Structures are given as structure tokens and as C-alpha cells.
Amino acid sequence: MDMKERIAVLSLSPRSGVGTLRSTGVLSLLLLLALLPIPVSPVSEGKGVVVFTFDDGFATDYTVVLPIFQNYGVWGTSYVAVQALRPHDALDFMDVSMLRQLVASGWDVESHGFSHSVQTLQTRMIGCPTGDLVTVEDDRRIGAGVGLELRRGSSVIHRSVVWKDGEGTLALDWRLPSWFCGATVTLSEGGKRIDFERVVDWFQVKAFPYPRHFAFPYGVFGTGLVNLALTYHDTYRVTTETAGYNYASLGENKLVGWEADDKLRTPQGMAEIKRRIDKVAKEDWLLLLIFHEVTSVYAPALEEVLRYAIQESTVMSVTEYWPAHGELP
């Protein structure tokens, strides 16, 4: 089974359960379904669309953000870095139970990668330049078996992680030449593919809907990574500090998000968010707002922004937006 076939199978089983039906009673069930109203994704009605996205999988998505959105009957999107979820990381991230309740409520849960390190790793070399078995310190999200690429000038070496300790130190299966200290460490092409496949497998094992949308960690991307991401997902989201408007790219696979975390902290920032909402409402564009950990301190500010977005535009999750406005295959 190739990857496209695999994705088709995965997207069927967690979304509908059709594969569990038996021939007996199928006709009756289909007749019953025909009488039910067909859910229709909201459309912008010429008012523009605002999508609220929340990165990494912080527990506040469930404890703070979800109740606010439920009060208004709209949904946002959580882009989850799978390996950050509890018990693998600190208690400020969600556990699977929280994530499951998010999905059950109607919230949109999508992929932010397995390791949150699809391209450049935040690392430093340990053991250089002794020539001993070298380790790479990371943020505890890279698993054993992942391929790494180390680049120093025009020289490139590919090796794999063989183990890591409780503090997140990765051991490589080789000895590092002293002149290679200070190399840039990234995931290899095989390592990047493994990262995407681990997300797909994890969503399948946990019986979550297939993650059709992907947000690049740190907003870092390139042509090769985009093509790889679109092998597994319908859209990919990148990050910008200057715009956040999606006008030329409306209906395309690329979604451009604007980081708005710090804007909730000041009146000037709040006014800037509202100006951007006014802009997309006037031009019938799309605005993707990016947040991370929204604590209870900033919950009133988030609610104010949400209320304004509902008043001036159409609020959707990424999954609601895509069938209504995207280019479906």
C-alpha cells in the first residue's frame, strides 16, 4: 500500500467508522442518514474569515481557551506537537485525555510535527573536540532512531540517534572528528519523513481524525519540506511577523499565520489585532492568528478579540475553512 492509499484508509476509519459496518442493516442506516440534515461548513458571506490557531499543545487550549470558544459556539485549531504531550514533557502540556475531549467537543486538532524539529534543531555539541562518542543536546522531543544531518561548510555527514537519556541528551552512533565541532544539526531527509509518519501513526493508534493540516515548527520551511508536508497533509501553515493576511493564497495549500501572543498584553496590541480583523472583513480575506499558551490572565483579552472577530467577520477552524474555501482534491 503506497502512502496515498494509506492516507485514504486512515482518513476513513477515524472519521466515520464506515469500515465497521456489516451488510445487515446497512440499507436501513443509509435511509436514516438520508433524512438527517447535512452539516455545512460556514462561509464568510463576504465578511472575511478569521481563524484562531494555538500551537504546541499547551494545557491551556483545554482549560482556558476551549470554554471561551464554547460560549460563542465557534471553534479554533490546535496544532499539536505530539511528543510534547504529557507524560513526555512538563505538566503545562495537554495529556491524551484532554486532547480527546477537545476533539469530542468539535475542536479542530491538527499536526505541528512529532518532534517539533522538522528542520533545524536547537542543539549544542557535547564532548567536542575530544573525539569521544558525541552527544547532541536537544529539547527532549527527538526520539531514538531519528536520522540527523550534520553540516559544516560544504561537508555533510548523516548519522542516527541511538539513545537519549532522561535529560534529553541524544547519543549519536559515531565519533565526531574534532574539526566537525560546531556543525549545524538538522533532521536528515529520512528523519524528516519519519517525523511526519510518526504523527500519522500516532493519530491512527489514538483513533483521532486524520491530521489533514500541518503547521511548520518555528515557521521554518523550504521547497523540499513543503512537498514532503503535502504528501501527508492538505495544507501547511507558515509564520510571518509582518502580515498574516491570506489574499493571494486564498484557496491554496499555503496558509500564512501571524503571531499574536504578545498583542493580548497591551491596548496597542489589541488595537492592532482589531485593525487586521477590519482589514480582512473589508477585503474578504483570511486572517490566521497564532497563539501559544494563553493563561487565565489573558483570557479576557482573548475573549474580547474573539467577540470582535465574530461581530466583524466569520470565525472558523482550519478544518471548517478548507472545504468551504480551499481547493479540494
Tally time: how many residues in the range 216-272 are at pLDDT below 75 and of a type in the set (Phe, Trp, Tyr)? 3
If Leu172 satisfies every condition in (1) surrounded by fewer than 16 Cβ atoms within 10 Å (Cβ to Cβ); (2) at pLDDT below 90; (3) not in a helix (DSSP H, G or I) but one, which is the exception? (1)
Looking at the range 280-309 only, could you name the residues that are surrounded by fewer than 16 Cβ atoms within 10 Å (Cβ to Cβ) and more than 21 Å from the chain's Cα centre (by Cα)? Lys282, Glu283, Ser296, Val297, Pro300, Glu304, Arg307
Would you pick out the residues in the range 299-328 that are at pLDDT 95 or above and in a loop (DSSP other than H, G, I, E, B)? Ser313, Ser317
Any residue at all in the range 198-210 that is modelled with pLDDT of 70 or more, loosely packed, with under 14 Cβ neighbours inside 10 Å and among the hydroxyl-bearing types (Ser, Thr, Tyr)? no
Out of curiosity, is Ile68 modelled with pLDDT of 50 or more, of a type in the set (A, V, I, L, M) and part of a loop (DSSP other than H, G, I, E, B)? no
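The values are calculated or read from the model by the stated rules, or taken from the named source; none is laboratory data. All of these numbers come straight from a predicted model, not from anything done at the bench. All Cβ positions, glycine included, derive from the backbone under ideal geometry; neighbour counts span all protein chains shown.
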